[in-house]
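Report on the structure given below.
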Amino acid sequence: MSPSLTQTDVTVVPRFSNIATFMRSAHVPLSSELDIAISGVPFDLGTAFRIGSRFGPACVREQSRHVRRIHQTFGFSPFDLCRVADVGDAPVRSFSIRDSLALIEDHFRKIKDLEITPLTIGGDHTISLPILRGIVQHGPIGLIHIDAHSDTLDSIQGEQYCNGTPFRRAVEEGLVDPKRLVQIGIRETLFDKDDHDWAKANGIRMISMNEIDQRGLEAIVEETRSIVAERPCYLTLDIDSLDPSVAPGTGAVEPGGFTVREMERLLEGLMGVDLIGADIPEVSPLYDEGGRTGRVAATLAFDLLCLLAKAHAARQR
């Protein structure tokens, strides 16, 4: 499989035809011939309130028909740098959180064993934990976590595996180095005033929207790059990090978030970071209006794909 064969040419085949894969990429089984595998994880059993992100992967794939192949700011197509394909969805169970987590972990371990970089569309934010379990095999890595919420609670209603807890579990399990974990855009209301105490006590750098307003995006990008350093890192971008005026289709809306352009500037500033994978969770089309959240998520997933392609190409050199 060559890079030129991994995406349908829309000058020949209309964008509205055929099945919806991400950006019209080839739909193929997992193979060592791939450099980057795009997977969906249609899972939302970790959601305590507004469900529906199980439909996120299908929504984002459909909306990605709009996205053209060349990134205007970066000036390249990831399909020209790497062999990219949509490998379908990770398996899940409809009624079991723990069975689903095991199946998702196994899916991403296969991706890692084939030395493929994963780009994942969720699904609620619980999915980041089994993804990290599958791809982190040689000690803790860095993590850039863009979100309205810290997701470092110990449990919600007694459940330790849900979308409010994945990064606490990831640190406890030795998957992520808390000193190389930076959380950007935090603005959540809290259950208790000590909700963030564990994260801060473990050295996690939490950057609120207020701090971003005060210091500016350039300073935040510079600090983030310093924290994760020039070592392997994972990036997770919760769609609720965006303001609900531009991305209403999510389960936990928090006013006061990023604009789309601010998010793109943040991601553009991360070009060159040694990313070994990325995900974009929490798109819930049940609450969307005209598919615009899915469209925004597809655009940002394209940004992530470019970052991953550049990082993969750099590692190959």
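The values are calculated or read from the model by the stated rules, or taken from the named source; none is laboratory data. Fair warning: this is a prediction, and the values are worked out from it, not measured in the lab. Reconstructed Cβ throughout: ideal geometry from the backbone, glycine too, with neighbour counts over all protein chains shown. We work out accessible area using only protein heavy atoms, side chains counted, and drop any ligands, DNA or RNA first. Shrake-Rupley method; radii C 1.70, N 1.55, O 1.52, S 1.80 Å.
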Against the definition (in contact with a Gly (Cβ under 6 Å, 6 or more places away or on another chain) and open to solvent by 20 Å² or more (accessible area, probe 1.4 Å)), how does residue 54 come out, yes or no?
no
From the list 188, 115, which residue is of a type in the set (D, E, K, R), surrounded by fewer than 24 Cβ atoms within 10 Å (Cβ to Cβ), in contact (Cβ under 8 Å) with a residue 60 or more places away in the chain and closer than 25 Å to residue 211 by Cα?
188
Sort out which residues of region 193-210 are of a type in the set (Gly, Ala, Ser), over 14 Å from residue 180 (Cβ atoms) and part of a helix (DSSP H, G or I), and write them in order of number.
201
Positions within region 29-51 being open to solvent by less than 30 Å² (accessible area, probe 1.4 Å), within 30 Å of residue 316 (Cβ to Cβ) and in contact with a Leu (Cβ under 9 Å, 6 or more places away or on another chain), in sequence order
34, 35, 36, 37, 38, 39
Restricting attention to region 122-147, report how many residues are over 14 Å from the mean Cα position of the chain (by Cα) and either part of a loop (DSSP other than H, G, I, E, B) or of a type in the set (Asp, Glu) (or both).
5
Is it true that some residue in region 295-305 is closer than 17 Å to residue 143 by Cα and open to solvent by 40 Å² or more (accessible area, probe 1.4 Å)?
no
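Per-residue answers, yes or no, for (1) at pLDDT below 95; (2) touching a His at 6+ places or on another chain (Cβ under 8 Å); (3) hydroxyl-bearing (Ser, Thr, Tyr):
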residue	(1), (2), (3)
188	yes, yes, no
191	yes, no, no
194	yes, no, no
200	no, no, no
207	no, no, no
220	no, no, no
226	no, no, yes
Condition first: farther than 15 Å from residue 227 by Cβ and either open to solvent by less than 10 Å² (accessible area, probe 1.4 Å) or small (Gly, Ala, Ser) (or both). Now tell me which residues in region 170-184 satisfy that.
170, 174
For residues that are open to solvent by less than 80 Å² (accessible area, probe 1.4 Å) and not acidic (Asp, Glu), tally how many sit in region 191-228.
20
Does residue 257 qualify as being more than 26 Å from residue 80 (Cα to Cα), in contact with a strand residue (DSSP E or B) (Cβ under 7 Å, 6 or more places away or on another chain), surrounded by fewer than 18 Cβ atoms within 10 Å (Cβ to Cβ) and modelled with pLDDT of 95 or more?
no
Residue 74 fails exactly one of the following numbered conditions: (1) within 20 Å of residue 166 (Cβ to Cβ); (2) surrounded by fewer than 20 Cβ atoms within 10 Å (Cβ to Cβ). What is the number of that condition?
(1)
